[in-house]
Amino acid sequence: MKWGRMRTIAMRIGGATALSLLLMTPAASALAAQAADPPAPLPVGAELSARPGDRLTFTAPPHLPGINGDWVISKIFVQHGTLRMDDPVITAVATVACDTPPGVYPVETTMRGKDAGEGKGSPWVTVTVADIGAEERAACPAKVAALPPEQLEERWPAGDSWPQSPWDVRTFRPGAKVTPTASERGNEESLTSPGFTDRPVMRGARAVVTATATIRCDAGPGLYEVRWVGRDEVWARYRVAETDEATRSSCRDGASEPAGGRTPWLVGGAAAGLGAAGAGAYVLARRRRGSFSSSSSSL
């Protein structure tokens, strides 16, 4: 999907005309957390400013199809950004490298895993990087190191089937029955997760398959992975909610054996690394376009 088509779609969804870029300082982050509305989009081709070591947040118009997981790239970034759903918008973050000379630099978008390089992606905006003194440049690495880890978990609309991506993390209670749904995946293949009572089998027709999985009553609170049996990938993640003793004692999941000390896979430094590398695969087959077709990165 090209940017011209994206602008047309954006006009049909609440008047948004393009994508936006916000420079997130600590004060701006605090204000954003308090804001009830998502950031207002800025037009494609906008000229923005940053300093070496600044983290930039890119915000897309709400509910544009096919861009979740795509990359945001520029020669000034420490690492590419990955567009991730944060209902109702899609965002990506990237940090300006400390050794970036002053100048004007293009920011582009590209399909996940295709680091096209300057001039080969889809143009988005430009960033003017300020000239800084030797003292500020020397302090820049510590500034970057102090930045919080990138938030990998995505927030999708509650009415959408689960999972929409490997980081579409929904929260379930012990004993709950959930319906993993996939598009264009193997029929009669099974899923495995330490939080499931068994290995549910995906079945369906017309390129859509589903299964019914039950969350173990003895599953501890935390983040769990779901994998396709025989496939070396994390296909989905979910969170098991904390519950009180009374709720757990009344839980019935039909499991034939205890969890056996299994622990959830928890988000941490390793998760951030996975996000950067682009681990996992999206559940929905995306109808890609030739140039700039959310990815962001596992990221």
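The values are calculated or read from the model by the stated rules, or taken from the named source; none is laboratory data. Predicted, not measured: the structure shown is a model, and the values here were computed from it. Cβ atoms come from the backbone with ideal geometry, glycine included; neighbour counts cover every protein chain shown. With ligands, DNA and RNA removed, areas are computed over all heavy atoms of the protein, side chains included. Shrake-Rupley method; radii C 1.70, N 1.55, O 1.52, S 1.80 Å.
Quick look at the values:
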| item | result |
| --- | --- |
| Within the accessible area of segment 108-213 (1.4 Å probe), percent carbon and sulfur | 52 percent |
| Whichever aspartates and glutamates have a C-alpha closer than 17 Å to that of LYS177, once near sequence neighbours (fewer than 8 apart) are set aside | ASP160, ASP198, ASP218, GLU225, GLU242, ASP253 |
| Under-5 Å amide H pairs with TYR105, H placed in peptide plane, nonlocal only | VAL127, THR128, VAL129 |
| Virtual paramagnetic centre 7 Å along Cα→Cβ of ARG203, amide N under 16 Å, in segment 220-253 | none |
| Long-range amide H partners of THR95 with built H, under 5 Å | LEU56, VAL78, GLN79 |
| Simple spin-label estimate for ALA246 and ASN187 in nanometres, 7 Å along Cα-Cβ | 4.7 nm |
| Whole-number accessible area per residue in Å² for segment 93-205, which is evaluated in the context of all protein chains at 1.4 Å | 49 Å² |
| Simple spin-label estimate for ASP131 and LYS75 in nanometres, 7 Å along Cα-Cβ | 1.9 nm |
| Packing-based ranking, highest mean first, of 206-216, 139-149 given that Cβ atoms within 10 Å are counted | 206-216, 139-149 |
| Hz values of 3J(HN,Hα) by residue in segment 208-222 - Karplus curve (6.51, -1.76, 1.60), Gly and Pro given as x | 10, 10, 9, 8, 10, 10, 10, 6, 4, 5, 9, 6, x, x, x |
| R0 of 35 Å, Cβ-Cβ distance THR212-SER49: FRET efficiency to nearest 0.05 | 0.10 |
| Per-peptide average of other Cβ atoms within 10 Å, ordering 244-251, 171-178 highest first | 171-178, 244-251 |
